[in-house]
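Inspection log for the structure reproduced underneath, given as structure tokens.
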Amino acid sequence: MLTVAGVEVHVLHTPGHAPGAVCLHVPALGTVLTGDTLFAGGPGATGRSFSSFPTIVASIRDRLLTLPAETVVRTGHGPTTTVAAEAPHLAEWLDPDR
């Protein structure tokens, strides 16, 4: 955890896009900064040699979708979303052939 301007920021290790990727959860602001881990509509890119789709999905499932449903997801690209809006898509990401 970090404190920035008197506000707690929780660092969440979310590998997948890159091995050392992190997201920043700011509970007092009801937001999480996800960078390239989670976008509106799905996980970030994993087509590089150092990235992994199963790992990013596990990071999203275990670290991000466990946050309160109303948490605003501020992505690295594109529009914001919420944990509640993204959670129903987890089954699609776990089984892309559905």
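The values are calculated or read from the model by the stated rules, or taken from the named source; none is laboratory data. Values in this document were obtained by computation on a predicted structure and should not be read as measured data. Every residue, glycine as well, gets a Cβ built from its backbone with ideal geometry; the counts of neighbours run over all protein chains shown.
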(request) Restricting attention to helices (runs of 4 or more DSSP H) lying wholly within the chain, give those where 3 or more residues are more than 11 Å from the chain's Cα centre (by Cα). (result) 53-59, 90-94
(message) If ALA28 meets every condition in (1) touching an Asp or Glu at 6+ places or on another chain (Cβ under 8 Å); (2) under 15 Å from GLY76 (Cα atoms) apart from one, which number is that one?
(response) (2)
(message) Which condition from (1) modelled with pLDDT under 95; (2) surrounded by 14 or more Cβ atoms within 10 Å (Cβ to Cβ) is the one that PHE50 breaks?
(response) (2)
(request) Run CYS23 past the list (1) within 20 Å of GLU70 (Cβ to Cβ); (2) buried (at least 20 other Cβ atoms within 10 Å of the Cβ); (3) modelled with pLDDT under 95 and report the number of the one that doesn't hold. (result) (3)
(request) Kindly indicate the residue of segment 52-98 that is touching a Pro at 6+ places or on another chain (Cβ under 9 Å) and polar (S, T, N, Q) and also nearest to VAL26 (Cα to Cα) among those meeting that condition. (result) THR71
(message) Going by what's in this entry, would VAL57 be described as in contact with a Phe, Trp or Tyr (Cβ under 6 Å, 6 or more places away or on another chain) and either among the aliphatic types (A, V, I, L, M) or buried (at least 19 other Cβ atoms within 10 Å of the Cβ) (or both)?
(response) yes
